[in-house]
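Here's the structure we're looking at; comments come further down.
The values are calculated or read from the model by the stated rules, or taken from the named source; none is laboratory data. This one's a predicted model, so the numbers in the text were calculated from it and none came from an experiment. Positions of Cβ are generated from backbone atoms using ideal geometry, with glycine treated the same way; all protein chains shown enter the neighbour counts. Ligands, DNA and RNA are stripped out before the accessible areas are found, and what is left, the full protein with its side chains, is counted by its heavy atoms. Shrake-Rupley method; radii C 1.70, N 1.55, O 1.52, S 1.80 Å.
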Amino acid sequence: MPTADDLRALARSSAKRWTTLRFTERRRHATTWSAPVRAWLRRPDLLRVEDAEGRLLDVIREVGADDDPMWQDYRWVAALRPLELAEGLDQETRFPVPGAALDVDGLREVEHAGRPAWEALVVPTDRYEPRCSCCPLLRSRRIDELEWGSVDEAAVYPTVHLVRLDVQTGVCVWAEALDGTFAGDTHDLRIEAVDEPMGDDLFPRPRHQGAVG
């Protein structure tokens, strides 16, 4: 059985485990699911996104970026490279603290979309530092206060989350608040192919509008 340190190492290693990824992704707020989107990502900087009917939504080129291309928000980036589940940050010194981001319990081997995955119950510590505090994988009062300056005092924040990492890629394919006001909020990332060839034709450059005089 994997250990908590194994889970953290898997989250830390996603950046080196794959070069291309084809997947679908959707979000759930409480009990309501968003429409799924399908994506082709070629590291380091190319992303194609379509809707469920195959209509092109976006082609993104982020040349020189430190992370994978983002679509709509940074939760997308955090799921693809879930370093925030592995590395904590000392709030006084601002230095990374390996393994300090989460308390981990109930780790087990499962399947997600037919692929081997590791699942655990986790609680973010005071050293949990999301990729972007506006859209963390794990919602908490402290992170919301850091981002917004204050929070709705009537909100009940999760005491525990369920996270699931794909074993081959290290991608966070599920991260769900299990209780409180945000219970049920999650994303569902279903991997279809890893390291398949992706030609340049998948990522056409945007056409310029109008004539150049």
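Probe radius 1.4 Å, ligands and nucleic acids left out: which of S133, S34 has the largest accessible area, and how do the rest follow? Don't jump to the answer; show the numbers that get you there.
Numbers: S133 30, S34 50 Å².
Of S133, S34, the descending order of accessible area is S34, S133.
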Please state the charge dipole magnitude for the chain, taken about the Cα centre, from unit charges on C-beta atoms (+1 on K and R, -1 on D and E), reported in debye and rounded to the nearest 20.
620 debye
What is the sum of charges, Lys and Arg at +1 and Asp and Glu at -1, for the other residues whose Cβ falls under 11 Å from the Cβ of P82?
+3
In a Gaussian network model over the chain where Cα atoms closer than 10 Å are linked, find which of A39, A117, A52 has the largest mean-square fluctuation.
A52
Rounded to the nearest Å, what's the spacing between the alpha carbon centres of the stretch 124-143 and the stretch 39-103? Just the number, please.
15 Å
Tally Lys/Arg at +1 and Asp/Glu at -1 over every other residue whose Cβ is under 13 Å from the Cβ of R42; what's the total?
-3
Nearest 10 degrees, 0 to 90: helix 4-17 Cα axis against the chain principal axis
10 degrees
Ratio to report: Rg/Rh of the stretch 129-186, with Cα atoms as the point set and Rh obtained by the Kirkwood method; give two decimals.
1.01
Helix-only [θ]222 nm of the chain, DSSP H runs n ≥ 4, -39500 (n - 2.57) each, per residue, nearest 500:
-4000 deg cm²/dmol
